[in-house]
Amino acid sequence: MTEYRLTPLAQSLPATVPFVGPETQERAQGRGFVARLGANENVFGPSPAAIEAIAQADHWMYGDPESFELRQALAQRLGVSMEHIVVGEGIDGLLSYLVRLFVGDGDAVVTSDGAYPTFNYHVAGFGGVLHKVPYSADHEDPLALFAKAAEVDAKLVYLANPDNPMGSWHEGAALTAALAHLPQGTLLVLDEAYIETAPAGTSPEVPLDDPRLIRLRTFSKAYGLAGARVGYAIGAPELITAFHKVRNHFGMNRSAQAGALAALGDQGWLGHVQHQVADARDRIAQIARNNGLVPLPSAANFVAVDCGRDGAFAKAVLDGLLARGIFVRMPFVAPQNRCIRISCGTTEQLDAFAAALPAALSDAIKS
């Protein structure tokens, strides 16, 4: 066979991924990074109890297709029933299932221009039409998003709070008030990947089964299990039940379920990580200021640093850091692409960043 009978939609899509992984960049450079500060991973690691649970999982058995014990523990912690929760392969996997449930050829979806690109990737993959609104003062703009949704009759509106890539956030009360403007028939997809590193009150205080929204959370960030790929969605039971129509029922491996369950049970370790993240954000901000740059306030496990010029200059700074073994990323869309984004790191990693930044800035100024 020399020609494959792909669907017309698949034939029209580029063979790209939302992010080029650091491993790909290391292979291209022929060397590893000194400091991996670009993927918003939790370098402080998961709970020791989670590591032990993963090691002791009976890998010869398939994982429970219902993720029963993990959903039960999440339900108890959140004060809802298990029917309000579905577990999936990280937020990315859950976004894929959600878009598959809602979006067909030509259906309208709304997001912010420059927001998390994996959502856009899934929408394109199912034939949806993306409508974008700009950020406002480096924040996603709920009212503008909802107005655009009303204009185009959007099925879904995507909003991350806290936001990636800017680290900005809205108070939960503001989002609660904004929900009054969400068009009837439009579902708010509220990505709360960084909710554990945000100030209290960041999540809107509406019932977790409010039919207007679905919340997506993860064990990849504060819980330190990015490699295990465990996420969960919280919503009305009728919506959560729909996931079972399309999800990969054996997609959650046994060790990932065990690790997430143990991590959830070790809230002391979570508190330790939250303190480490807060300290690292302060250190990144100070390094930025020491070099004449402006750190933006962040409620996530990274800091966006304003390089003071345009995207071309920020890219030159980023390239200078990469050349010195410091892996960082930057927003994709102007004017937010004037920034570089630095993930929270260990003292040693941030020392390496601090050492490399002056020379990277000098090279960028000369270029």
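The values are calculated or read from the model by the stated rules, or taken from the named source; none is laboratory data. Given the structure is predicted, the values throughout are model-derived calculations rather than measurements. Positions of Cβ are backbone-derived with ideal geometry, glycine not excepted, and every protein chain shown enters the neighbour counts. SASA here: full protein model, heavy atoms, side chains in, ligands and nucleic acids out. Shrake-Rupley method; radii C 1.70, N 1.55, O 1.52, S 1.80 Å.
To keep it simple, each residue is scored yes or no on (1) in contact with a Lys or Arg (Cβ under 6 Å, 6 or more places away or on another chain); (2) closer than 22 Å to residue 167 by Cβ; (3) surrounded by fewer than 17 Cβ atoms within 10 Å (Cβ to Cβ); (4) among the basic types (Lys, Arg).
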| residue | (1), (2), (3), (4) |
| --- | --- |
| 314 | yes, yes, no, no |
| 317 | no, yes, no, no |
| 338 | no, yes, no, yes |
| 342 | no, yes, no, no |
| 347 | no, yes, yes, no |
| 350 | yes, yes, no, no |
| 353 | no, yes, no, no |
| 356 | yes, yes, no, no |
| 365 | no, no, yes, no |
Read through the list (1) buried (at least 20 other Cβ atoms within 10 Å of the Cβ); (2) part of a helix (DSSP H, G or I); (3) out of contact with any strand residue (DSSP E or B) (no Cβ under 6 Å at 6 or more places or on another chain), then give the number of the only condition that residue 123 fails.
(3)
Within the stretch 77-96, track down each residue that is under 16 Å from residue 190 (Cβ atoms), more than 12 Å from the chain's Cα centre (by Cα), assigned to a helix (DSSP H, G or I) and of a type outside the set (A, V, I, L, M).
84
Looking only at residues in the stretch 319-329 that are surrounded by fewer than 22 Cβ atoms within 10 Å (Cβ to Cβ) and among the aliphatic types (A, V, I, L, M), which one is farthest from residue 296 (Cα to Cα)?
323
Only residues that are farther than 15 Å from residue 26 by Cα, under 20 Å from the mean Cα position of the chain (by Cα) and of a type in the set (Val, Ile, Thr): list them for the stretch 313-342, please.
333, 340, 342
Within the bounds of the stretch 99-120, is there any residue that is without any contact (Cβ under 8 Å) to a residue 40 or more places away in the chain, part of a helix (DSSP H, G or I), open to solvent by 20 Å² or more (accessible area, probe 1.4 Å) and over 24 Å from residue 242 (Cβ atoms)?
no
Flagged in the stretch 289-312 as closer than 19 Å to residue 359 by Cβ, surrounded by fewer than 23 Cβ atoms within 10 Å (Cβ to Cβ) and out of contact with any Gly (no Cβ under 9 Å at 6 or more places or on another chain), in numbering order, are 289, 290, 291, 309, 312
Filtered residues of the stretch 133-172 (kept if under 21 Å from residue 341 (Cβ atoms), among the hydrophobic types (A, V, I, L, M, F, W, C) and open to solvent by 30 Å² or more (accessible area, probe 1.4 Å))
137, 169
